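Shown next, in structure tokens, is the structure this report addresses.
The values are calculated or read from the model by the stated rules, or taken from the named source; none is laboratory data. Just so we're clear, the structure is a prediction, and the values are computed from it rather than from any experiment. With ideal geometry, Cβ positions are generated from the backbone for all residues, glycine too; neighbour counts draw on all protein chains shown. Side chains are part of the model used for accessible areas, which takes the heavy atoms of the whole protein and leaves out ligands, DNA and RNA. Shrake-Rupley method; radii C 1.70, N 1.55, O 1.52, S 1.80 Å.
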Amino acid sequence: MKYRFGHPYVTGAVVKEIAAAEGVPAHFTLSRKGESVTLSYPLAKEDAVYGLGEQLRGINKRGWHYENWNLDDPVHHEGRTGLYGAHNFFIVCGKECFGVFLDCGGRVSLDIGYTDADLFTVTAQDFDLYLFEGDSPLAIVKQFRALIGRSYIPPKWAFGYAQSRWGYKSEADIREVYEHYEKEGLPLDMLFLDIDYMERFKDFTVDKTRFPDLKAFTSEMKGKNIHLVPIIDAAVKVEKGYSVYEEGVKKGYFCKDEKGKPFVVGVWPGNSLLPDMLNPEARKWFGSQYKVLLDMGIEGFWNDMNEPVLFYSEERLKNALALAASTTEITCLDDYERVSHTFFGLQNNDGDYRAFYHETENGRIVHEAVHNLYGYNMTRAAAEYFEQYTPKKRYLLFSRSSYIGMHRYGGIWTGDNSAWWSHLLLNLQQLPGLNMCGFLYTGADLGGFGGSTTEELLLRWLALGVFVPLMRNHSNLGSRPQECYRFTKTNVFRNILGIRYSLLPYLYSEYVRCAFENDMLFKPLSFVYPGDARAKTVEDQLLVGDSLMIAPVYTQNAAGRYVYLPERMKLIRMKAGDRFTEHVLEKGEYYIPVSTEEVVFFLRFGKVLPLAKPAKNTAALDEKNLTWVKFIEAPTQFTLCRDSGTSEIKKGDFETVLLEP
Ligand code: GLC
């Protein structure tokens with residue numbers, strides 16, 4: 001059922017037209033304050049709330065308040081209320097079970113038992129509300145995913161291991177990282193180029209002194225089965241003679257202020273303009289800029305700073321500088337606070353998001369009303385151009401900021417996390433919510449982006465990362481270097497990365513199946529064992545695909561952890577290669593010893609797991625000779641996806657294997 005409130009901007013999140021019903025969905029009571037609509041739902045003791053994609057806190061979102069307003073927050077601890085993506089889909093499950101998608105390009109506030117422990121309120125302006133009824137959360141997810149269209153499938157090499165860092169400044173730096181991986185026998189498929197490959201952080205340019213011939217370098221690396229993946233930022237530098245800037249200004253493709261002048265903001269390149277990603281012509285134009293890099297043989301990109309981030313707006317900065325200049329003396333705390341707040345308030349200021357406009361198909365619209373759609377449309381711009389550049393070819397594409405709908409065009413990484421144990425757990429807890437919202441290709445910066453990682457934290461994080469589609473180790477400029485060869489136990493890193501490649505036939509096949517069947521790759525235990533009250537409270541274990549359950553260690557100095565088995569399972573312990581030990585455990589609670597030198601997981605009863613031999617990259621993976629781990633008492637099937645890895649997947653690419661006990 002669909003209900004309309006106010007005059008929503010059509011976001012393109014849903015792919016099927018549904019006529020709006022009259023009135024208010026029966027589950028809610030409605031109140032209005034000015035333009036805002038608040039829907040309230042009384043929570044029963046047993047109600048859990050799932051979803052919200054990339055959000056903070058646990059798998060069950062009850063007990064906190066959230067703001068879905070895309071924001072760059074590099075220190076997102078649990079006191080915050082929102083992150084880089086706005087994914088307004090949730091399921092309430094308890095005394096009844098229903099799902100809601102609030103299709104709204106602007107701010108959405110959710111108070112899920114925060115102000116009043118037994119009340120759930122959602123507040124927004126101008127939105128379409130879709131209501132889903134079903135017997136189980138998974139049945140609701142499947143209905144919702146059918147409405148929003150098939151999830152993006154990246155090329156197979158994008159399931160390999162990726163090394164990245166802000167700070168690789170030149171071809172020589174990248175080459176050095178590659179050589180270390182090669183010399184140490186550490187598997188690798190991708191190396192990322194952060195903003196330093198550009199000329200003064202200008203999109204679609206290459207700094208010739210640091211990368212004299214990126215085309216030749218890309219091809220050389222591809223010969224070694226390594227893909228180079230450059231970053232693209234949302235804002236375009238203001239600079240005379242820079243063709244992207246000049247052409248965009250000439251054609252009127254940048255966001256403008258109230259008076260129709262391009263709205264100047266500050267990001268990495270200094271003064272910059274924001275391409276109007278919501279203007280269909282401008283979007284097409286921005287997408288076509290990727291050609292420069294595609295022509296150099298680049299096959300993957302990460303889109304960044306597209307919340308969009310505003311370090312400042314030109315106008316607000318001017319006023320702040322004037323205030324500072326006129327403040328010759330600080331005589332009291334008030335003086336100090338006035339100046340400091342003015343400067344701290346420059347970044348991502350709400351007033352600035354109200355001060356520029358988009359030229360959409362339906363006329364001019366203030367950014368604030370469509371803020372959450374910006375990164376989505378940047379990624380859409382790229383994906384639509386790739387389809388035109390080489391039809392049906394799969395490119396790697398993922399974005400920092402996102403909205404539901406973008407899951408059809410690319411994946412996401414979960415932004416600037418920190419080298420904190422709590423962010424390892426957050427990584428796990430975000431996965432089911434993201435999958436519910438269609439984002440299957442996701443990953444966090446393994447080891448943590450900010451701060452100083454440790455060998456132990458990185459090893460534990462990789463032991464989760466081996467199961468996650470985007471397996472990328474990325475870190476901040478100036479942080480402790482965290483490439484896998486930087487620590488003492490290089491052989492352990494080699495083994496853990498090798499396990500990722502052993503798991504790839506399973507992960508890839510399950511990923512593709514989930515995309516086609518609107519399924520979730522990562523499920524909370526409660527989705528699979530609905531009658532099990534204990535399963536409902538588990539916040540640190542997940543089902544991965546149809547066969548596996550994971551329970552990663554996420555605390556410092558742990559020798560293992562407690563794990564809840566909702567049914568009889570086989571404990572699988574992998575240390576190196578495709579070798580493993582197996583051990584049957586009955587349903588129940590266990591303390592499982594897990595060292596940092598192994599990956600431990602569980603095989604469900606009635607299920608099988610294909611394992612390949614570890615490989616140095618996805619191209620070298622032998623997917624013909626698989627070892628099958630089985631926990632079956634009757635013949636069981638598993639469907640492998642054996643496509644080329646880069647073209648459109650067809651029916652004939654699947655092979656169903658029959659396994660005997
Ligand atoms: C942003 C990105 C981060 C990147 C940095 C420099 O903080 O989130 O991944 O390394 O910008 O481009």
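Let's test the formula: R0 of 25 Å, r as the Cβ-Cβ distance of ARG150 and GLU655. What FRET efficiency results, to the nearest 0.05? Each step should come with its number before you reach the end.
Numbers: r = 21 Å, r/R0 = 0.85.
After rounding, the FRET efficiency stands at 0.75.
Want the number for LYS183 to ARG568: 0.36 nm per residue separation, take away the alpha-carbon distance, what's left? Display every interim value, and only then the final one.
Numbers: separation 385, 0.36 × 385 = 138.60 nm, distance 4.25 nm.
Extra length available between LYS183 and ARG568 comes to 134.3 nm.
Rounded to the nearest 20, the Cβ-based charge dipole of the chain about its Cα centre (Lys and Arg +1, Asp and Glu -1) stands at 1300 debye. Here the simple spin-label model places points 7 Å from the Cα toward Cβ, and for TYR485 and GLU337 these points are separated by 5.3 nm. Protein-only accessible surface at a 1.4 angstrom probe places the residues LYS33, LYS222 in the order LYS33, LYS222, largest first. Rolling a 1.4 Å probe over the protein heavy atoms of region 180-251, with every protein chain left in place, gives an accessible area that is 50 percent carbon and sulfur.
Derived scalar couplings between HN and Hα for region 144-157 equal 4, 5, 5, 6, 9, x, 5, 5, 4, 10, x, x, 5, 4 Hz in order, rounded to whole Hz, by the Karplus curve 6.51 cos²θ - 1.76 cosθ + 1.60 (θ = phi - 60°), x for Gly and Pro. Overall size of the chain from C-alpha positions, given as principal axis extents largest first: 76, 63, 57 Å. Per the Kirkwood formula applied to alpha carbons, region 2-148 shows a radius of gyration over Rh ratio, Rg over Rh, of 0.93. With both labels modelled 7 Å from their Cα along Cα-to-Cβ, the VAL292 to LEU30 distance reads 4.9 nm. Potential lengthening of the chain between MET1 and ASP173 amounts to 56.5 nm, from the contour at 0.36 nm per residue minus the alpha-carbon distance.
For TRP166, TRP285, the ranking by accessible surface with the largest value first comes to TRP166, TRP285, using a 1.4 Å probe.
Across region 194-220, no residue has a backbone nitrogen under 16 Å from the label position 7 Å along the beta-carbon direction of ALA324. Scalar couplings 3J(HN,Hα) for region 485-494, obtained by applying the Karplus form with A = 6.51, B = -1.76, C = 1.60 to θ = phi - 60°, are 8, 7, 10, 7, 8, 4, 4, 5, 4, 4 Hz; x denotes Gly and Pro. If you sort ASP622, ASP128 by accessible surface, 1.4 Å probe, largest first, the order is ASP622, ASP128. Rolling a 1.4 Å probe over the protein heavy atoms leaves LYS261 with an accessible area of roughly 130 Å².
Quick check on region 77-201: take the gyration tensor over C-alpha atoms, sort the square-rooted eigenvalues as a ≥ b ≥ c, and tell me if it's rounded (a/c under 1.5), prolate or oblate. It comes out prolate by the Cα gyration axes. What the phi angles of region 471-484 give under the Karplus curve with 6.51, -1.76 and 1.60, with θ = phi - 60°, is a coupling list of 10, 10, 9, 9, 8, 7, 3, x, 7, 5, x, 9, 5, 5 Hz, glycine and proline written as x. Taking all protein chains into account, the per residue accessible area for the chain stands at 37 Å² (1.4 Å probe).
Taken over the C-alpha atoms, region 522-661 has Rg and Dmax values of 16.5, 48 angstrom.
Can you give me the % of accessible surface on region 2-148 that is carbon or sulfur? Probe 1.4 Å, all protein chains present, nothing else counted. Let's see the in-between values first.
Details: 2930 of 5700 Å².
Carbon and sulfur atoms account for 51 percent of the accessible area of region 2-148.
A dipole drawn for the chain from +1 and -1 charges on Cβ atoms has a positive end, and of VAL629, THR209, ALA20 the residue lying farthest that way is VAL629. The figure for THR11 is an accessible area of roughly 10 square angstrom, using a 1.4 Å probe on the protein chains alone. Taking the helices alone, the chain has a mean residue ellipticity at 222 nm of -7500 deg cm²/dmol, built from -39,500 (n - 2.57) per DSSP H run of at least 4 residues and averaged over all its residues. If R0 equals 56 Å, the separation of the Cβ atoms of GLU589 and ARG364 corresponds to a calculated FRET efficiency of about 0.40. If you average the alpha carbon positions of region 1-35 and of region 574-638, how far apart do those two centres end up, in angstrom? Region 1-35 and region 574-638 have Cα centres separated by 46 Å.
Using all pairs of distinct alpha-carbon atoms, the Kirkwood hydrodynamic radius of region 515-555 works out to 11.0 angstrom. Rolling a 1.4 Å probe over the protein heavy atoms of region 283-410, with every protein chain left in place, gives an accessible area that is 51 percent carbon and sulfur. Here HIS423 sits with roughly 10 square angstrom of accessible surface, probe radius 1.4 Å.
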